[in-house]
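Following: one structure in structure tokens, then a few remarks.
Each reported figure results from applying straightforward, stated rules to the coordinates on display, with no laboratory input. Just so you know, these numbers come straight off a predicted model, no measurement behind them. FYI the Cβ positions are ideal-geometry reconstructions off the backbone, even for glycines, and counts take in every protein chain you see.
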Amino acid sequence: MAKASELKKGTVVDINGIPHVVKHVEVRSPSSRGSTTLYKVRFTNLKTGQKLDETLKGDDFFKEAELVRVKVQFSYLDGENYVFMNMDDYSQYSLNQADLEGKIEFLSEGLEGIVALLIDDTILGVELPSSVALEILDTAPGVKSASVTSRTKTARLSTGVEIQVPEYLETGEMIKVNTETGKYMSRA
């Protein structure tokens, strides 16, 4: 059982017998005395893709969904389908772009550490590792006198996503990117 106050992005819960994944959590603390903190949560139905918005109190309970979590590796892109391979039995699962909303920009061929969420051998979604190493393909030239905590510049990474990186980084360097926030963490 998971409390509404413990829900975070990526948590899978059972709502009326159907698995739903938490996409967004917004905490609202009313200013009047005696009022309870409210959690505005956006769920996505893992079977149909429909969105469900709920406003919950912190002590509302949810049953966690009965899922199988399997380690997979991103293999390749087949048209608009992304194909993942099970690391144990080499079986393959595919998801389309809509199922991978917000995760595509961090997928590179051969990426390991991904966890697939399965029900009855049907893939419902994936969880990415907390950080990934990507190469900087294009950015402005590095500035020698730039310090670690100074200004940033835009860099295009090997997956096509653009993020802000410190000025001292140059094209060709490998960096770590946080997959939840999409922000630069460190050199890889």
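Among the listed pairs LYS3/LYS23; LYS23/LYS57; LYS8/LYS153; LYS40/LYS153; LYS9/LYS153, those with a Cα-Cα distance over 26 Å are LYS8/LYS153; LYS40/LYS153; LYS9/LYS153. Annotation: amide H-H contacts under 5 Å for LEU7 (H modelled 1.01 Å from N, sequence separation of 5 or more, or interchain): none. When the alpha carbon gyration tensor of the stretch 24-82 is reduced to an equivalent ellipsoid, the three semi-axes, largest first, read 35, 14, 11 Å. Model label sites at GLU6 and LYS63, defined 7 Å from Cα along the beta-carbon direction, differ in position by 1.7 nm. Computed on the stretch 27-139, with alpha-carbon pairs under 8 angstrom and 6+ residues apart, the relative contact order is 19 percent. Here, the stretch 100-188 yields an orientationally averaged convex hull projection of 6.1 nm² when only Cα atoms define the hull.
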